[in-house]
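> First, the structure itself, so that you have it in front of you.
The values are calculated or read from the model by the stated rules, or taken from the named source; none is laboratory data. None of these values were measured; they are calculated from a predicted model. Methodologically, a virtual Cβ is constructed for each residue, glycine included, from the backbone with ideal geometry; neighbour enumeration extends over all protein chains shown. Ligands, DNA and RNA are stripped out before the accessible areas are found, and what is left, the full protein with its side chains, is counted by its heavy atoms. Shrake-Rupley method; radii C 1.70, N 1.55, O 1.52, S 1.80 Å.
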Amino acid sequence: MCGIVGYIGKRDVAPLLLEGLQRLEYRGYDSAGVVVSSPKSGGLKMVKAKGRVRDLEARVPKRFTGTTGIAHTRWATHGAPSDENAHPHMDADGKVAIVHNGIIDNASDLRAKLTAEGVEFLSETDTEVLTHLIARNDADTLEEKVRQSLKQIEGTYGVAVMHADFNDRIVVARNGSPVVLGIGEKEMFVASDVAALVSHTRQVVTLDDGEMATIKADDFRTYTTSGTRTTAEPTTVEWEAESYDMGGHDTYMHKEISEQPDAVDRVLRGRIDDRFSTVHLGGLNLDAREARTIRRIKILGCGTSYHAGLIGAGLIESLARIPADAEPASEFRYRNPVVDPDTLYIAVSQSGETYDVLAAVQELKRKGARVLGVVNVVGSAIAREADGGVYVHAGPEVCVVSTKCFTNTVVAFALLALHLGRIRDLSVSDGKRIIEGLRKLPEQISEILETEGDIKKLAEQYAEAKSMMFIGRVRGYPVALEASLKLKEISYIHAEAYPASELKHGPLALIEPALPTVAIVPDDDLLEKNRAALEEIKARSGRILAVAHQEQEKADHTVLVPKNEPELDPILMGIPLQLLAYHTALSLGRDIDKPRNLAKSVTVE
Ligand code: M6R
């Protein structure tokens, strides 16, 4: 999705902004642009380019100097990717420049009104209307021009504005799209994502929805869109700049898959309480008495986070014996859900900024529900909106497809389920059993990662398939769903996931030698049932790759994973399938870190 970066200080701004844009590339974009203000005249100079940041860089002239500037990577919503539609947008007099993330819903009405007043539009974007509103506003200060213009728009925004007549400042505002200020020594940064800031400063202020800020080289202030001053306490970002580097791997996806033993160690660290065979989750804001009154749990997320939520629901049901289910947040928010006071809602999101999840949380809060967040990015919108929650501590995830965050989110759900279970009826011995299982995970994940060479060979054999089927039963089904999503996202091979029990109700008709099936076959009480499904597939000459605890006679290939507790097995079963998707995509020559049409965080509808 779109990215914003801005700077005001003493340094030459263009190289800083281009570096910031490169750090935002992972979010997905189709064009980029930059504006700097000339230190002498205050005049604004702009360069834009369709394509990558390197295309923009190639166009930046030698004398593109300045010490204040804003830049943007655009993900097309209104109007195709083009030089004209790239941000920043400027008014005809070249006084105002803005970069904007989000969508202005009433853009076409405003465009018609402005056109009737004689304004000529240079792009097809919704953003350009805001540029003209600000440029035409006759208030005395830039803050007031921006504030009054924002009042006229409906929709979401993270926005940064420069004005040639007020060249000592950048004014920014947030409503539904992240804006973070970075505080340096006599310099200030702004970005839509801390990734663009951490190589310069780790002191940040995250704006709330409805908040604005004025940043100057040596000072900043925050206030609401109604003009009331707010207090903003800077916080320190945990993630180091190096966490965003590739660290010797060929792709971020490979790096992030490999990091999983350490990432899981982090989500467990400091949380296990051996004395009571439970875990401490400091940020939950839910005491034992309240926890005992929960009658249902509803988990909401999108994509991979939804799949993690499905496994989480299973963990909560089995360990805490609270009825739980997961639903895509994108569907939930549109079906006027019945919000029950005894239900605990849990929003799951790696980025903490996914619009569909955030909107579902806001709708739930409006209806008086208690909402927890299971989130990776500290201080993100969903984390802030929730009443409490669990951070998954996976570290920054740069690859568009989620791997380590999926694993850590499921582990975070295991912790939550154990915590709730031990408050309710989970016995001490079962608590101990799960804790031992959790402690084994990092080493067992390392063991699986050591088999990468074998999985690579298998992936090369299966890469020729036009389509693949993934099956699993009960705990194995969300693993199948996630593995199928991973494969399609990065290899573009069509894939379906079904509960193994549903095969005979329809999908069996598809089985033939050209359609390989990946089957999740844990050594649990459903082993015989799963084996029966393999028999059914084999009888129709289907090829089978089993992910299992022991060799499967009916399978053409078996990938063995170490055994843990049955409740935790899905965490391990998912890992070889991340590698399978990775090596399949690699052998097909795909752009693994930036799959076509996808963005890292989907901050628009
Ligand atoms: O940041 P979130 O976890 O809220 O993102 C949700 C989905 O957009 C995300 O999981 C998506 O499905 C990824 N491409 C998965 O690899």
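> What are the residues in region 274-300 that are open to solvent by 70 Å² or more (accessible area, probe 1.4 Å) and either hydroxyl-bearing (Ser, Thr, Tyr) or within 18 Å of GLU385 (Cα to Cα) (or both), if any?
GLY282, ASN285, THR293 - these are the residues of region 274-300 that are open to solvent by 70 Å² or more (accessible area, probe 1.4 Å) and either hydroxyl-bearing (Ser, Thr, Tyr) or within 18 Å of GLU385 (Cα to Cα) (or both).
> Taking into account only those residues within region 319-349 that are open to solvent by 30 Å² or more (accessible area, probe 1.4 Å) and within 16 Å of the ligand (Cβ to nearest atom), which is farthest from PRO570 (Cα to Cα)?
Among those residues, the one meeting the criterion is ARG333.
> For region 153-184, enumerate the residues that are buried (at least 22 other Cβ atoms within 10 Å of the Cβ), among the polar types (S, T, N, Q) and closer than 18 Å to ALA71 by Cα.
SER177
> Tell me yes or no: at least one residue of region 448-455 is within 16 Å of the ligand (Cβ to nearest atom), open to solvent by 30 Å² or more (accessible area, probe 1.4 Å) and touching a residue at least 40 places away in the same chain (Cβ under 8 Å).
Applying the first criterion (within 16 Å of the ligand (Cβ to nearest atom)) to region 448-455 yields none.
Within region 448-455, none of the residues are within 16 Å of the ligand (Cβ to nearest atom), open to solvent by 30 Å² or more (accessible area, probe 1.4 Å) and touching a residue at least 40 places away in the same chain (Cβ under 8 Å).
> Return the pairs, sorted by first residue and then second, in which the second residue is within 10 Å of the ligand (Cβ to nearest atom) and aromatic (Phe, Trp, Tyr), the first residue lies in region 299-313 and is closer than 19 Å to PRO323 by Cβ, the beta carbons are less than 6 Å apart, and the residues are 6+ apart or on different chains.
Taking only residues 6 or more apart or on different chains, the pairs are ALA308/PHE406.
> Do the conditions hold for SER108, that is, is it open to solvent by less than 10 Å² (accessible area, probe 1.4 Å), of a type in the set (S, T, N, Q) and not in a loop (DSSP other than H, G, I, E, B)?
Values: open to solvent by less than 10 Å² (accessible area, probe 1.4 Å): no; of a type in the set (S, T, N, Q): yes; not in a loop (DSSP other than H, G, I, E, B): yes.
Against the criterion (open to solvent by less than 10 Å² (accessible area, probe 1.4 Å), of a type in the set (S, T, N, Q) and not in a loop (DSSP other than H, G, I, E, B)), SER108 does not qualify.
> Conditions: (1) under 23 Å from TYR26 (Cβ atoms); (2) within 30 Å of the chain's Cα centre (by Cα). ASP105 meets all but one. Number of the miss?
(1)
> Being closer than 18 Å to LEU415 by Cα and touching a Cys at 6+ places or on another chain (Cβ under 6 Å) is the filter here; which residues of region 356-402 pass it?
Within region 356-402, ASN376, ALA394 qualify.
> Here's another thing I want to ask about it. Within region 213-256, can you find the residues that are among the charged types (D, E, K, R), modelled with pLDDT of 90 or more and either in a strand (DSSP E or B) or open to solvent by 30 Å² or more (accessible area, probe 1.4 Å) (or both)? Please lay out each step first, then the result.
First, the residues of region 213-256 that are among the charged types (D, E, K, R): 216, 218-219, 221, 229, 233, 238, 240, 242, 245, 250, 255-256.
Pick out the ones that are also modelled with pLDDT of 90 or more and you get 216, 218-219, 221, 229, 250, 255-256.
Listed by number, the residues that qualify are LYS216, ASP218, ASP219, ARG221, ARG229, ASP250.
> Take residues that are modelled with pLDDT under 95 and tell me which of the helices (runs of 4 or more DSSP H) falling wholly in region 331-429 contain 3 or more. So that I can check it myself, show each step before the final result.
Numbers: elements: 355-366, 381-385, 404-423.
Hits in region 331-429: 355-366, 381-385.
> Could you look through region 270-318, keep only residues that are among the β-branched types (Val, Ile, Thr) and more than 16 Å from the ligand (Cβ to nearest atom), and pick out the one that is nearest to VAL602 (Cα to Cα)? Working first, answer last.
Within region 270-318, the subset among the β-branched types (Val, Ile, Thr) is 272, 278-279, 293-294, 297, 299, 304, 311, 316.
Filter once more, keeping what is more than 16 Å from the ligand (Cβ to nearest atom): 272, 278-279, 293-294, 297, 316.
Values: ILE272: 34, THR278: 35, VAL279: 32, THR293: 34, ILE294: 31, ILE297: 25, ILE316: 28 Å.
Applying the filter and picking the extreme gives ILE297.
> Taking the condition at pLDDT 95 or above, in contact with a His (Cβ under 6 Å, 6 or more places away or on another chain) and either farther than 30 Å from LYS594 by Cβ or outside any strand (DSSP E or B) (or both), does LYS298 pass?
In short, no.
> Okay, moving on. Considering only region 393-419, state which residues are touching a helix residue (DSSP H, G or I) at 6+ places or on another chain (Cβ under 6 Å) and near the ligand (Cβ under 10 Å from one of its atoms).
Step one: of region 393-419, the residues touching a helix residue (DSSP H, G or I) at 6+ places or on another chain (Cβ under 6 Å) are 393-399, 401-404, 406-414, 417-418.
Correct list: GLU397, CYS399, VAL401, SER402, THR403, PHE406, THR409.
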